[in-house]
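Enquirer: One structure, pasted below without further comment.
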C-alpha cells in the first residue's frame, strides 16, 4: 500500500466473492450469487465496488507457459546504483520477458521473474541486463520446477485470523 493510501473496506461477503473469482474468474455473477446465497445484483454491485477501490484490477487467464514454449523461468537478483532504482526498474518492467519485479530489502535491490523460450533468449536478456546503465550486479537462478504460482483463496481470511497455521 502506498503512503497515505487507505486499505479497502472488505467484509466477509466481499471476501467470499473475491475467493469465488480467484477460483474461476470466468464464472457469471449469477453462478457466484447462487453459490454464495446472494442476489445477482448484489454480487454485481460488490464487484463494481471492489473494482472502484482497486481491489480487483481485472481478470486474466492462467496460462501454462511450458505448453506455450516458455520452458525457461528465472529468478534474477539485481543490485542497482544508489538513487537509480526507480529508473532501473521501469526499464526492466518494459521487457516483455519480465512478469514480476519486486523491490525489497536485503543485499540486492530487486528480484526479477522472467520467462524464455530458449537459452539464447535468456542469454541475450541477461547480457543486456548486466550491461544496462545503473545495474551494478545480478545473480540469476534457473527455476527447475514450479510447485505453486497462483493463489486460489485469500491468504488471510477475515474470520479466524487468530490461531492460523503456517502449513
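Rule-based calculations on the coordinates, nothing more; no lab input. Because the structure is a prediction, the values reported are computed rather than measured. Please note: Cβ atoms are built from the backbone with ideal geometry, for glycine as well, and neighbour counts cover all protein chains shown.
Enquirer: In whole angstrom, note down how far apart the Cα centers of the range 66-124 and the range 134-154 are.
Expert: Each part's Cα centre sits 9 Å from the other's.
Enquirer: Kindly rank 23-33, 68-78 from highest to lowest mean number of other beta carbons found within 10 Å of each residue.
Expert: 68-78, 23-33
Enquirer: Over 13 Å apart: what share of the alpha carbon pairs of the range 12-52 falls there, rounded to a whole percent?
Expert: Percent of Cα pairs beyond 13 Å in the range 12-52: 42.
Enquirer: Using bins 10 angstrom wide from zero, how does P(r) for the chain break down, in % of all Cα pairs?
Expert: Per 10 Å bin, starting at 0, the Cα pair percentages come out as 8, 27, 27, 25, 11, 1.
Enquirer: Still on this structure: Going by average Cβ neighbours within 10 Å, how do the peptides 102-112, 144-154 rank, with the highest at the top?
Expert: Most protected by this proxy first, the peptides run 102-112, 144-154.
Enquirer: Which three lengths, in whole Å and largest first, does the range 47-128 cover when its Cα atoms are put on their principal axes?
Expert: In descending order, the Cα extents are 44, 39, 20 Å.
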